[in-house]
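The next block holds one structure in the form of structure tokens; read it before the comments.
The values are calculated or read from the model by the stated rules, or taken from the named source; none is laboratory data. This is a predicted model, so every value here is computed, not measured. Positions of Cβ are generated from backbone atoms using ideal geometry, with glycine treated the same way; all protein chains shown enter the neighbour counts. Side chains included, ligands, DNA and RNA excluded: accessible areas come from the protein's heavy atoms. Shrake-Rupley method; radii C 1.70, N 1.55, O 1.52, S 1.80 Å.
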Amino acid sequence: MLPASSSPAARTLAPSSSGFARARWSGWRLYLLLAQLAVVILLSSWLAASIATAYEASWFPVLLVGVVIVLGFAIIWGVMQMRRQLASHLNVETALRQAATFQQALEASSAGGLRARDQDGRITYVSPAFCRMTGFSNEELLGARFPDIPYWDSLQAGRNLETFNRLRSNNNQSCSVEVAMRRKNGQPFDALIIESPFIDASGQHIGWLGAVVDITEQKRAREQAQQQYERLQATSRLVTMGEMASTMAHELNQPLTAISSYVAGCLNQIEAGQIDAAELKEIQHKIARQTQRAAGIISRVHAFVRRTEPNFSSVDLNSLVREAAALIETNAQRQQVRIVCELEEGLPQVTIDTQMIEQIIVNLMRNGIDAMCDTPLENRVLTIATHTRGNHAVLRVSDRGCGISPDIASHLFDPFFTTKGKGMGMGLNICRTIAELHHGQLTFESNPSGGATFTLALYAHTE
Amino acid sequence: MSKSYAYIIDDDEAICDALTWQFRTRGIECMSWSSAEDFLREWRPDWCGCIVLDIRLKGMNGLACFDILLENHCLLPVIFITSHGDIQMAVGTLKKGAFDFVEKPFNYNELADRVLAAFEADAERRRALTDRDTVEQRLATLTGREREVMGLILEGRYNKVIANQLAISMRTVEAHRSHIFNKMHVRSAVELAQLLAVLKKD
């Protein structure tokens, strides 16, 4: 928005600068004219005096009148020049005033705020729009210095400072950053700042100019769209699974129906005492064929499931945890849960399918966050810890939620078992299947202080 | 009178075979088709017994087949065999006049028992058709106006024509028609004519 506003300003300022030039030029001309006038007066008086002495008094009055007329013309001419001079001065003044009001109007009506600061990070200028956005007055903001900026979110201050330092390091490059800010009334908001170097009229780099836009609404809309998309994905997966299950149920029903009818027929025969061994033998063969048919359907489903072969590679579990934590961050923020990572440095490498294990970590974290929906705000902490235990790398996810009651515990890993309103009951079941695929172990226990801890132990390389 | 059969329509060959075998052990004669189209081509109105119809069929499904049978005044009881997800559909067929529905896989002799019950119902209906006393008893329950309307129905008049002739509204004719069918225990004008033919025989 800076470049956009600069062009009309330039347009208004252009005539005023040429007015300055005209005024200067007229001033020179005035001096020249006054000099000319003086010369003319001197010349004419000298001429009159010399003529008067040469021809006695008879020509004198005529000459005097002539001189007076010449002088009169000179005065009129001088006054006209003065008027022209004054008018050009007035023009310049009007142009200046217009430029000033335009700039004021520009600052007052812009929705985006401007903020300038010097090389030391001291705020040197804030636009009215910026004051409106933050709720602080001009006086409260001017002179404030990093890191004591009143509109910074205290939780985000560290990150903001980092951004500021990064900006200083890639000198003379403008960049845009999204930062969390806080209004004077304590209300948090998200802002986009486009920082560019502030160059003064003499071409010197005197600080930084930031154009600030409140993007809270846009960010919320973006998050909602993301959530919507995730829900849609989950629904479509659910539908696919439901369809598969329904198709499989129908297909299995066919051979089962045939078998049950054959068996019922055989029983009828036996009960009636009309046993024809050859016929019964033939029926038994038919039953066996239907059994094979059912087995075929099941092995087809197995083949379908096995299509997703795991892709093993040797990775650092800690980096995977960090990635998963980043993935779940928005989710955690929404439910005001703080994620604490206690990762042991120098953890041995594990050979895993990164996508699958990440799935486990995200699932466990999401469960933990969901479990704390009724926990008091200050206790909503999800702790993710890694450590080495023998030849295993161990990951622990602890929540401070409602914990797991014994009757729930016995069904925890059952498919389609869920305590969540919208849950499918597949999360933990899938987690355990993945853990087993990695020859790992997924266990859980109740915390003495409330909540639950899930532990994933993965076999690690030992050199 | 022709012999009673269970007419099995299922696109799964194994099920047709298994049912045929099981029914035979209970003394039920069977005929089977793998599609509704094949069955409808061969079906004759004078067949006795009952129809065992799968809801899910390749080509025309069981529900469409049932509708066609109703349109053609088929009087055979129909037992639907359904999968787990089709219960809603099956309940709908009961409202239309299906005899029953049985869910796959069947419980021991459950289906065979239902088939035998359907045979009984079919035989009962046919007996009524040939029993003069029953017909007269039913006729006696009709009101004068209903007899009048019945006469016109048997002449093959449309409701509209009947309404004009008797100077009553279409709705009233429709109400009379349904009362007549209920009292005479029939489902169509054709069946009504068959029923009354018994009286004319002598």
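General remarks:
- Subset of region B:111-129 (residues that are within 14 Å of chain A (Cβ to nearest Cβ) and either among the hydroxyl-bearing types (Ser, Thr, Tyr) or over 12 Å from residue B:4 (Cβ atoms) (or both)): B:111, B:112, B:113, B:114
- Selected residue [touching a helix residue (DSSP H, G or I) at 6+ places or on another chain (Cβ under 6 Å), assigned to a helix (DSSP H, G or I) and either in contact (Cβ under 8 Å) with a residue 60 or more places away in the chain or buried (at least 17 other Cβ atoms within 10 Å of the Cβ) (or both)] from A:434, A:430: A:434
- Test result for residue A:166, open to solvent by 60 Å² or more (accessible area, probe 1.4 Å), more than 20 Å from residue A:331 (Cα to Cα), more than 14 Å from chain B (Cβ to nearest Cβ) and in contact with a Pro (Cβ under 7 Å, 6 or more places away or on another chain): no
- When region A:268-278 is filtered for residues that are open to solvent by less than 70 Å² (accessible area, probe 1.4 Å), out of contact with any Asp or Glu (no Cβ under 8 Å at 6 or more places or on another chain) and within 9 Å of chain B (Cβ to nearest Cβ), the ones remaining, listed by number, are A:268, A:272.
- Output for region A:108-123, where each listed residue is open to solvent by 50 Å² or more (accessible area, probe 1.4 Å) and farther than 18 Å from residue A:174 by Cβ: A:108, A:109, A:111, A:120, A:122
- Taking each residue of region A:337-364 that is charged (D, E, K, R) and looking for partners that are open to solvent by less than 50 Å² (accessible area, probe 1.4 Å) and assigned to a strand (DSSP E or B) with beta-carbon atoms closer than 7 Å, six or more apart or interchain, yields A:338/A:381; A:342/A:383; A:342/A:385; A:344/A:386.
Residue by residue, here is whether (1) part of a helix (DSSP H, G or I); (2) open to solvent by less than 60 Å² (accessible area, probe 1.4 Å) holds:
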| residue | (1), (2) |
| --- | --- |
| B:108 | no, no |
| B:112 | yes, yes |
| B:117 | yes, yes |
| B:136 | yes, no |
| B:139 | yes, yes |
| B:171 | yes, no |
| B:178 | yes, yes |
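- Across region A:88-119, the qualifying residues are those that are modelled with pLDDT of 90 or more and hydroxyl-bearing (Ser, Thr, Tyr), and the one among them that is farthest from residue A:131 (Cα to Cα) is A:88.
- Of all the residues in region B:1-32, those that are more than 8 Å from chain A (Cβ to nearest Cβ) and either free of Cβ contacts under 8 Å to residues at least 12 places away in the same chain or part of a strand (DSSP E or B) (or both) number 10.
- The lone criterion from (1) surrounded by 15 or more Cβ atoms within 10 Å (Cβ to Cβ); (2) more than 30 Å from residue B:26 (Cβ to Cβ); (3) polar (S, T, N, Q) left unmet by residue B:165 is number (1).
- Checklist (1) within 12 Å of chain B (Cβ to nearest Cβ); (2) in contact with an Asp or Glu (Cβ under 7 Å, 6 or more places away or on another chain) applied to residue A:208, failing item: (1)
- Options B:172, B:93, B:141, B:134; residue that is touching a Lys or Arg at 6+ places or on another chain (Cβ under 6 Å) and of a type in the set (S, T, N, Q): B:141
- Every residue from region B:137-176 that is under 26 Å from residue B:69 (Cα atoms) and in contact with an Asp or Glu (Cβ under 9 Å, 6 or more places away or on another chain): B:159, B:176
- In region B:33-85, the qualifying residues are those that are touching a His at 6+ places or on another chain (Cβ under 8 Å), open to solvent by 50 Å² or more (accessible area, probe 1.4 Å) and assigned to a loop (DSSP other than H, G, I, E, B), and the one that is farthest from the other protein chains (Cβ to nearest Cβ) is B:45.
- Checklist (1) crowded, with 21+ Cβ neighbours inside 10 Å; (2) in contact with a Pro (Cβ under 6 Å, 6 or more places away or on another chain) applied to residue A:353, failing item: (1)
- Checked against (1) outside the structural domain of residue A:245 (by TED's automatic domain parsing); (2) assigned to a helix (DSSP H, G or I); (3) of a type outside the set (Phe, Trp, Tyr), residue A:345 passes all but a single condition, namely (2).
- Every listed requirement among (1) at pLDDT 90 or above; (2) open to solvent by 30 Å² or more (accessible area, probe 1.4 Å); (3) among the charged types (D, E, K, R) is met by residue A:399 save one, (2).
- Any pair with Cβ under 8 angstrom, 6 or more apart, that starts in region A:169-186 at a residue that is open to solvent by 60 Å² or more (accessible area, probe 1.4 Å) and ends at one that is polar (S, T, N, Q) and modelled with pLDDT under 70: A:182/A:154
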